[in-house]
Amino acid sequence: MNCPLCDSESRFAFEAKGYPLRDCMKCAHRFAAIAAGEAHVAEVYGDDYFSGGGAGYADYLGEAEMLSSRGAMYAKMLEKYSGKKGKMLDVGAAAGFLLKGFIENGWQGVGLEPNAEMARYGRDKLNLDIREGSLESFETGGRFDLVSMIQVAAHFYAPRQAFEKARDLLADDGLLLVETWNRSSLSARIFGRHWHEYSPPSVLQFFSEKGLTEFLRKTGLEKIAGGRPSKKISGAHARSLLRYRIGDRFVLKLIPEKINIPYPSEDLFWALYKKK
Ligand SMILES: [Zn+2]
């Protein structure tokens with residue numbers, strides 16, 4: 001199986017959850033060797049992903065407020081780096097809470113979401129323009145000032161096509177905001193093959209910050225800013241993540257469900273790219 005970013009040959013790295021992970025011999029990108037497509041998107045992001053715990057969200061709707069404040073945080077950050085506000089496309093929008101945070105800070109926007117139930121919730125309950133589908137197959141006549149991908153790039157089944165699509169959807173000087181996991185981070189290196197993000201089939205792409213930036217530069221998107229997001233997750237989400245790692249232990253009950261706790265996100269990064 002060739003590299004989904006640069007189409008070069010790859011070699012077997014190790015197995016994770018029964019799936020082979022491979023490393024590109026040219027650009028060093030790591031990926032899960034799964035023949036995936038639209039069917040995969042529908043299957044992995046079924047309703048269980050948002051409510052069944054495990055690697056997805058324990059209770060996505062319970063995270064609403066936190067997601068909106070993250071959207072607001074990024075909107076303010078964009079203003080600082082580019083002075084920009086305008087029309088945006090949020091990829092992997094779920095019900096649109098993150099998008100809502102942007103909209104409350106002056107943006108207009110469209111969300112794109114493969115899960116029909118989530119997309120409907122966003123339209124009916126939040127009154128947002130959430131379209132059902134994936135970026136790889138998204139068709140529109142419009143152009144955007146910003147495309148945001150908050151923790152979605154690792155899930156793309158065709159990452160090169162997705163990023164090229166994002167570039168084509170951007171207006172001149174448009175911005176791409178990516179927040180994703182860094183496989184070259186200290187914690188990823190310490191945990192090795194036990195790093196939490198090595199969890200196919202939901203996670204398929206394992207970027208390093210450097211590798212993604214280099215790939216995007218060749219795609220016509222130049223990095224203009226970057227950093228690490230501070231993140232808080234709910235007690236319920238923390239319980240779900242821990243249960244997935246260590247099993248159902250009594251100690252988990254000691255974490256209150258209703259509090260927000262800082263999540264160690266040393267292995268998470270954000271980067272802002274500008275269309276050349
Ligand atoms: Zn490659």
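Observations on the model:
- Estimated FRET transfer efficiency when R0 is 22 angstrom, pair Ile34-Gln161 (beta carbons, to 0.05): 0.85
- Computed over the chain: relative contact order in percent, which uses C-alpha pairs under 8 Å that are six or more apart: 18
- Which of Val147, Tyr74, Val203, positive extreme of dipole for the chain (C-beta unit charges): Tyr74
- In this simple spin-label model, placing a label point 7 Å from the Cα along the Cα-to-Cβ direction at both Lys210 and Phe138 gives a separation of 3.0 nm.
- Taken as entire DSSP H runs, the helices of the chain that both span 20 Å or more between Cα atoms along their own long axis and average -0.5 or more on the Kyte-Doolittle scale are 64-82.
- Alpha carbon Rg of region 97-187, scaled by the compact-globule rule 2.2 N^0.38 Å: 1.13
- Where only C-alpha atoms are counted, convex hull volume of region 236-276 per residue in Å³: 113
- Long-range tail of P(r) for the chain (Cα pairs > 34 Å, %): 14
- Extending 7 Å from Cα along the Cβ direction at Lys253 and again at Lys85 yields two label points whose distance is 4.9 nm.
- Each 5 Å bin from 0 upward holds the following percent of the Cα-Cα pairs of region 208-260: 4, 16, 17, 11, 8, 9, 11, 12, 7, 3, 0.
- Computed helical MRE - 222 nm, the chain, DSSP H runs ≥ 4 contributing -39500 (n - 2.57), nearest 500: -9000 deg cm²/dmol
- The Stokes-Einstein estimate for region 143-208, based on a Kirkwood radius over Cα pairs and taken at 25 °C with 0.890 mPa s viscosity, is a diffusion coefficient of 189 µm²/s.
- Backbone amide hydrogens, once placed in the peptide plane, bring Gly111 within less than 5 Å of Asp90, Asp129, Ile130, Arg131, excluding anything fewer than 5 places away on its chain.
- GluC sites (Glu not before Pro) within region 84-163: DSSP coil, no more than 10 neighbouring Cβ in 10 Å: Glu139
- Each residue, Arg120 and Leu186, gets one label point 7 Å from its Cα in the Cβ direction; the gap between the two is 4.7 nm.
- 4 °C / 1.567 mPa s Stokes-Einstein diffusion coefficient of region 59-215, Kirkwood radius on C-alpha pairs, µm²/s: 80
- For a modelled paramagnetic label at Met1, 7 Å from Cα along Cα-to-Cβ, the residues of region 146-189 in reach, with backbone nitrogen under 15 Å, are 154-160.
Every number in this text was worked out from the coordinates using simple rules, so none of it is lab data. Values in this document were obtained by computation on a predicted structure and should not be read as measured data. Note that we place each Cβ from the backbone using ideal geometry, even for glycine, and neighbour counts take in every protein chain shown.
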